[in-house]
Amino acid sequence: MLGYALRRLILAIPLLVGITFVSFLVIHLAPGEPTDMQSDESSTRSDAKVRQLLVETYGLDKPLHVQYWNWVKRLVRLDFGRSFSPDARPVLQKIAERLPITLLLNIVELAIIVMLAIPIGVLSATRQYSTFDKITTVFVFVGFATPDFWLALMLMILFGVQLGWLPISGLRSPTWEYLAFWRQQWDFVGHLVLPILVATFGGLAGFSRYMRQSMLEVVRQDYIQSARAKGLSEGVVIGKHALRNALLPIVTVLGLSLPGLIGGSVIVESIFAIPGMGQLMVQAVFERDYPVIMGNLVIVATLTLVANLIADLTYSLVDPRIRVAARRGRR
Amino acid sequence: MRRDVLRLAGLLLLIALAGCGGEADSPLDTAAGQGAAKPVYGDTYIEALQGNISGLIPNVLTDGPSFEVAGMLYNGLVKYDKDLNLVGELAESWQYSRDCLDLTFKLRRNVQWHDHTPFTAADVVFTYDTMVNPKTPTAYGGDFKAVESVDAVDPYTVHVRYKHPNAKALQSWSIWMLPKHLLESYAREGKLREAPQNRSDPVGTGPYKFKEWKAGEKVVLVANPDYFDGRPYISRIVYRIIPSSATTFLELKAKGVDGAKLTALQFKRQTEYPAFRKAYNKYQYAANVYVYLGMNLRDARFADRRVRQAFAHAINKRELIEGVRLGLAREATGPYKPGTWQYNPNVHQYPYDPGKARALLAEAGWNDKNADGILTRNGVPFKFDLLLAQGSDEGRKVAEIIQASLKDIGVQVEIRVIEWAALLKEYIKKRNFEAVILAWGITPDPDQYDIWHSSKTSPDELNRIGYANPEVDELLEKGRSTCVEADRKKYYDRLQEVLADDQPIVFLYFRDGLPVVSSRIRGIVPSPIGINYNFNEWFVPLNLHRYTAG
């Protein structure tokens, strides 16, 4: 088991190098340059000399492979470089100040989705074609079809403007500094309700469908039949024998959504004015801020590889068949 | 993000204008309580910013939001007053020598940096040295090219010597003054962007001091009690960064922000109900941005002036302004804003006249021989690609209206929408375009040498259309090399006549700035420059205070 994990880890290194190289290439091939974005191109006062200076400062005048090599050399020392944007801050700092809020939102969102989607999926599978199932099916289609930004605006109008129950956007009220401690927390939570609601709505639809599908397949299996034949109660049959097996595919889907945890949703963040990773990335792309884009890519790529590995390992933990197959394969 | 209207405008350059500039301000709500009341201190003003600021030392930045915040933190030696005249800010007075080559500033003696160090001539010399240091990544070093030397005669006198007379000399000293005692070591290395003051605790001389900047979320400033011009009334400013204009609008409705800029649609159609008009005052002024149709003059078809004039006649500017901006813009007849001293109203106009447009094109050899509605010359149909930047709804509408207008006179236009960075690099800089919709941000000074002079056509320079007219070259050179305003006026009047005749680009319209401010804020006096110029005098009557302010 340990050997298997180690082998996978070592194999991941060339993969990571490949991913970063291709990304580096693609980003630099994209038309437009970071320096163009900083020399006031639409003003009558643009100055060509600045551009030249910036090109030299950023090392953009060197051949691409040299630039890549310099970047890798810094990266192995965990130096992600400084942003090309005029604040010239270290990339890691920029990511670090945006990451917590994105992680918080995404983890809460994922937790809610899982907690709701599993029971919904199980119920609609075990009561296939019942009223409940039909309602959830409609709900799912609505969920898939509703654009995030539209739902967000509607909720903002209802709860923010009409009813005045919740704040519309941002993370804290302007008076936050002057509130008592527990009031501050309450204020913060209030600001998160709408974004989480919007983000959950779309995700819930998909996840509950997966669960339903997976459950439907399992309940048709012979071992469920025999469990029932043994005289086990329906609760034990579904809750223990069926659910465990039905959760297997969900593990994979969950594993794959791990890297997504750090990539914020651009739409939700922009509409709710939340300073998260999504906004940072989009701005970096518009400004051709290569170090920030690459820094983020490395983190996402690493997480994806790790998440894949974890998913595979968990698989073999929960499913004895895979363990056995792996052992045979090695022989 | 950050990219809708601004994408088209690029980054406005409004040095010392604190984000506003304009003409003929008409408060739509004069009755809504801007009347006399005794100013009191206190309360917080919350303004919505569309983009994150990129730093706190504006001299090395280029984006509008950063300038807006920096305008509160820093001062220049001079600034533009409400009627767009240069007046002293940190300089008490100044004097030109008769030959325009020597400029001497007397500085105010009661000015302190936010850390209570006195502001002196050494800081002025330092700021100049920083701006001209070849290592400093600033877009505005060019303003000081004509300077021969800057000396501190005594702690409160600065003497500037110019190599040749320079019309923009005085204006260039509206540059934000930087503190020598804090930034000297960073400036010498060209590392102002890396200086901690660019990220937190900037030190200026301005009416507000820095409190906090949460990236992407907000910037908080507090009143400077020791400001040389008197403590400002409003105690705190919170800039909330809200990328979506729809969200900003809902925040206004829910009173989550006090001031914001509206879109034309919001201004005209969505804010006319009584509750909104009671809670907010709306203002309108011509912003320093004009939108134009540029044609590549290296293309033989557009090199013919009659073709450009025909296009000017074919486009109904009034209808365009109505359709795109709901009427909230002013027709452009040239590159200067109506109402400024340099504006010349007596130039050749191009009223909407498709018949005349067709006649001009026929004169240039373009005829519809087979009557299929498409003009041809020597068997080649007249069609071209019109490029514009992605993400601008305004640009797209302009392009579509132009497409329809030109179709009426038999010219086929294909619209191509391209991402801004790519448009700039692959098409505009390589001069690889036929026609393009763009906007120019202009400065209060009329010098536009970089845009129209025939020497400014290399890839990174701004005469993108490849315009060359010896008379224009001469006028531009003369206009920038005298410090006598009356002479300048003559040159720029003539320049506008030539440009109007030539139509090197089709000037479309000056967009209106549409700010809205909570009606509890008093003391706003709209003027040609906009509304923000007297922010220090804004106040909230005691009974209307909404926030605790520290």
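Taking segment B:84-106 on its own, how many of its residues are assigned to a strand (DSSP E or B) and more than 28 Å from residue B:528 (Cβ to Cβ)?
Restricting attention to segment B:84-106, the residues satisfying the condition of being assigned to a strand (DSSP E or B) are B:86-88, B:91-96, B:102-106.
From what's left, more than 28 Å from residue B:528 (Cβ to Cβ): B:102, B:104.
So the count comes out to 2.
Hey, can you tell me all the residues within segment B:425-457 that are among the hydrophobic types (A, V, I, L, M, F, W, C), within 11 Å of another protein chain (Cβ to nearest Cβ) and farther than 18 Å from residue B:298 by Cβ? It would help to see each step written out before you state the result.
Taking segment B:425-457 first, the residues among the hydrophobic types (A, V, I, L, M, F, W, C) are B:428, B:433, B:435-440, B:442, B:451-452.
Still in the list and also within 11 Å of another protein chain (Cβ to nearest Cβ): B:428, B:438-440, B:442, B:451-452.
If the condition is that a residue be among the hydrophobic types (A, V, I, L, M, F, W, C), within 11 Å of another protein chain (Cβ to nearest Cβ) and farther than 18 Å from residue B:298 by Cβ, then B:439, B:440, B:442 are the ones that fit.
Out of curiosity, is residue B:396 under 33 Å from the mean Cα position of the chain (by Cα), away from chain A (no Cβ under 14 Å) and at positive phi? Show your work before the answer.
Values: under 33 Å from the mean Cα position of the chain (by Cα): yes; away from chain A (no Cβ under 14 Å): yes; at positive phi: no.
When the stated conditions are applied, residue B:396 does not pass them.
Here segment B:399-424 is the region considered, the condition is being surrounded by 21 or more Cβ atoms within 10 Å (Cβ to Cβ) and within 14 Å of chain A (Cβ to nearest Cβ), and the residue that is farthest from residue B:320 (Cα to Cα) is B:421.
Among the listed residues B:166, B:198, identify the single one that is closer than 30 Å to residue A:171 by Cβ and in contact (Cβ under 8 Å) with a residue 40 or more places away in the chain.
Numbers: B:166 fails: closer than 30 Å to residue A:171 by Cβ.
Unique residue meeting the criteria: B:198.
For segment B:259-274, the count of residues that are touching a helix residue (DSSP H, G or I) at 6+ places or on another chain (Cβ under 8 Å) and at the interface with chain A (Cβ under 10 Å from one of its Cβ atoms) is zero. Is it true that some residue in segment B:44-53 is more than 14 Å from every other protein chain (Cβ to nearest Cβ) and aromatic (Phe, Trp, Tyr)? No, every residue in segment B:44-53 fails to be more than 14 Å from every other protein chain (Cβ to nearest Cβ) and aromatic (Phe, Trp, Tyr). Taking the numbered list (1) surrounded by fewer than 16 Cβ atoms within 10 Å (Cβ to Cβ); (2) hydrophobic (A, V, I, L, M, F, W, C); (3) under 26 Å from the mean Cα position of the chain (by Cα) in turn, residue A:181 passes all entries but (3). Of all the numbered requirements in (1) farther than 22 Å from residue A:186 by Cα; (2) in contact with an Asp or Glu (Cβ under 6 Å, 6 or more places away or on another chain), residue A:168 misses one, and that requirement is (1). State yes or no: is residue A:85 part of a loop (DSSP other than H, G, I, E, B), out of contact with any His (no Cβ under 7 Å at 6 or more places or on another chain), at pLDDT 75 or above and crowded, with 21+ Cβ neighbours inside 10 Å? The answer is yes for residue A:85. In the set (1) within 11 Å of another protein chain (Cβ to nearest Cβ); (2) of a type outside the set (Lys, Arg); (3) in a helix (DSSP H, G or I), the condition left unmet by residue B:288 is number (3). When A:146, A:126 are screened for being within 21 Å of the chain's Cα centre (by Cα) and either hydroxyl-bearing (Ser, Thr, Tyr) or surrounded by fewer than 16 Cβ atoms within 10 Å (Cβ to Cβ) (or both), only A:146 passes. For residue B:75, the requirement of being modelled with pLDDT of 70 or more, in contact with a strand residue (DSSP E or B) (Cβ under 7 Å, 6 or more places away or on another chain) and in a loop (DSSP other than H, G, I, E, B) is not met.
Inspection of segment A:190-197 finds no residue satisfying the criterion of being more than 21 Å from residue A:95 (Cβ to Cβ) and at pLDDT below 85.
The rows are residues; the columns are (1) crowded, with 22+ Cβ neighbours inside 10 Å; (2) out of contact with any helix residue (DSSP H, G or I) (no Cβ under 6 Å at 6 or more places or on another chain); (3) more than 10 Å from chain A (Cβ to nearest Cβ); (4) assigned to a strand (DSSP E or B).
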| site | (1), (2), (3), (4) |
| --- | --- |
| B:221 | yes, no, yes, yes |
| B:225 | no, yes, yes, no |
| B:234 | yes, yes, yes, no |
| B:237 | yes, yes, yes, yes |
| B:257 | yes, no, no, no |
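Here residue A:215 fulfils each of the conditions (1) among the hydrophobic types (A, V, I, L, M, F, W, C); (2) surrounded by 13 or more Cβ atoms within 10 Å (Cβ to Cβ); (3) over 24 Å from residue A:310 (Cβ atoms) apart from (3). Applying the set (1) in contact with an Asp or Glu (Cβ under 7 Å, 6 or more places away or on another chain); (2) without any contact (Cβ under 8 Å) to a residue 24 or more places away in the chain to residue B:469 leaves exactly one unmet item: (2). Looking at segment B:503-510, is at least one residue within 14 Å of chain A (Cβ to nearest Cβ) and either crowded, with 21+ Cβ neighbours inside 10 Å or of a type outside the set (D, E, K, R) (or both)? There is at least one residue in segment B:503-510 that is within 14 Å of chain A (Cβ to nearest Cβ) and either crowded, with 21+ Cβ neighbours inside 10 Å or of a type outside the set (D, E, K, R) (or both). The single condition from (1) on the phi < 0 side of the Ramachandran plot; (2) in a loop (DSSP other than H, G, I, E, B); (3) away from every other protein chain (no Cβ under 14 Å) that residue B:136 fails is (3).
Of the residues making up segment B:162-180, at least one is part of a loop (DSSP other than H, G, I, E, B), under 22 Å from residue A:88 (Cα atoms) and within 14 Å of chain A (Cβ to nearest Cβ). In segment A:60-86, the residues that are of a type in the set (Lys, Arg) form Cβ pairs under 7 Å with partners that are crowded, with 18+ Cβ neighbours inside 10 Å, at six or more places apart or across chains, as follows: A:74/A:81; A:82/A:88; A:82/A:89; A:82/A:91; A:82/A:291. For segment B:458-467, state whether one or more residues are under 27 Å from residue B:329 (Cα atoms), of a type outside the set (Ser, Thr, Tyr), away from chain A (no Cβ under 14 Å) and in contact with a helix residue (DSSP H, G or I) (Cβ under 6 Å, 6 or more places away or on another chain). No, because not a single residue in segment B:458-467 is under 27 Å from residue B:329 (Cα atoms), of a type outside the set (Ser, Thr, Tyr), away from chain A (no Cβ under 14 Å) and in contact with a helix residue (DSSP H, G or I) (Cβ under 6 Å, 6 or more places away or on another chain).
So in segment B:239-255, with the set limited to residues that are at the interface with chain A (Cβ under 8 Å from one of its Cβ atoms) and part of a loop (DSSP other than H, G, I, E, B), which one is nearest to residue A:165 (Cα to Cα)? First the steps, then the outcome.
Within segment B:239-255, the subset at the interface with chain A (Cβ under 8 Å from one of its Cβ atoms) is B:240-244, B:246-247, B:250-251, B:253-254.
Narrowing the set further to residues that are part of a loop (DSSP other than H, G, I, E, B) leaves B:242-244, B:254.
Working: B:242: 20, B:243: 23, B:244: 21, B:254: 11 Å.
Filtering segment B:239-255 for residues that are at the interface with chain A (Cβ under 8 Å from one of its Cβ atoms) and part of a loop (DSSP other than H, G, I, E, B), the one nearest to residue A:165 (Cα to Cα) comes out as B:254.
Applying the selection to segment B:63-72, what residues are of a type in the set (Asp, Glu) and either outside any helix (DSSP H, G or I) or within 14 Å of another protein chain (Cβ to nearest Cβ) (or both)? Passing the criteria: only B:63. Inspection of segment A:160-173 identifies at least one residue that is surrounded by 17 or more Cβ atoms within 10 Å (Cβ to Cβ), part of a helix (DSSP H, G or I) and facing chain B (nearest Cβ under 10 Å).
Go through A:304, A:314 for me and flag whichever is among the hydroxyl-bearing types (Ser, Thr, Tyr), in a helix (DSSP H, G or I), in contact with a helix residue (DSSP H, G or I) (Cβ under 7 Å, 6 or more places away or on another chain) and surrounded by 18 or more Cβ atoms within 10 Å (Cβ to Cβ). Steps first, please.
Numbers: A:314 fails: surrounded by 18 or more Cβ atoms within 10 Å (Cβ to Cβ).
Criteria check complete, one pass: A:304.
The values are calculated or read from the model by the stated rules, or taken from the named source; none is laboratory data. Owing to the predicted nature of the structure, the values given are computational and were not obtained by experimental measurement. Virtual Cβ from ideal backbone geometry, glycine too; neighbours counted across all protein chains shown.
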